[in-house]
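Have a look at the structure below, then the notes.
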Amino acid sequence: MPPPPDFPHSELKLALSEQLPSQLVQSYTLIPRDASEPHAARARVVLLEGNEVEVRLTLEGYEVVGKRDKFETLEGLLERESPMWKDRNLGLLAEALGRIKKEREEAKMGAVHES
């Protein structure tokens, strides 16, 4: 069963919208649908470094227009194209792990005081 016709557009929009709250890209603009490519979606993405790339999503994956590499995820593409994305993403992961560690330590201390 083929995917719904709006799949690439809705998937690209969702994937890009997930990058903004954590400031993993500066901005993006979806490019209007091209009737000659019904199963493709495109967006202009401003990377953390300030340069703009055109991202294309097809049933084969994500790619930067004009380059050959295809990626299963937008994150894989961004990791390759933006060194600052990788650094920022690792920083966010370290912050999240630090919060979890702190919460566990506080929970452990609370349990000790209750006994």
Item to check | Share of carbon and sulfur in the accessible heavy-atom surface of region 42-91 [1.4 Å probe, %] | outcome: 45 percent
Checklist entry - Mean residue ellipticity at 222 nm from the helices of the chain, using -39,500 (n - 2.57) per DSSP H segment of n ≥ 4 over the full residue count, to the nearest 500 deg cm²/dmol? => result -15000 deg cm²/dmol
Next on the checklist: Can you tell me which of LEU93, LEU48, LEU78 moves the most in a GNM of the chain? Springs connect C-alpha atoms under 10 Å apart.
Outcome noted: LEU93
Checklist entry - Treating the beta-carbon of each Lys and Arg as +1 and of each Asp and Glu as -1, no other charges, what is the dipole magnitude of the chain about its Cα centre, to the nearest 20 debye? => result 100 debye
Checklist entry - Taking 0.36 nm per intervening residue step and subtracting the Cα-Cα distance, what contour gain separates ARG44 from THR58 on full extension? => result 3.5 nm
Checklist outcome for this item: Mean accessible area per residue over the chain (1.4 angstrom probe, all protein chains present, square angstrom) is 69 Å²
Checklist entry - Across the chain, how many lysine pairs, 8 or more apart or on two chains, come within less than 22 Å at their alpha-carbon atoms? => result 5
Item to check | region 1-64: GluC sites (Glu not before Pro) falling in loop per DSSP and having at most 14 other Cβ within 10 Å | outcome: GLU18, GLU49, GLU60
Checklist outcome for this item: Per residue convex hull volume, Cα only, region 24-115, in Å³ is 136 Å³
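The values are calculated or read from the model by the stated rules, or taken from the named source; none is laboratory data. All values reported here derive from a predicted model rather than from experimental measurement. Please note: Cβ atoms are built from the backbone with ideal geometry, for glycine as well, and neighbour counts cover all protein chains shown. When the accessible area is computed, the model is the full protein with side chains, heavy atoms only, and any ligands, DNA or RNA have been set aside. Shrake-Rupley method; radii C 1.70, N 1.55, O 1.52, S 1.80 Å.
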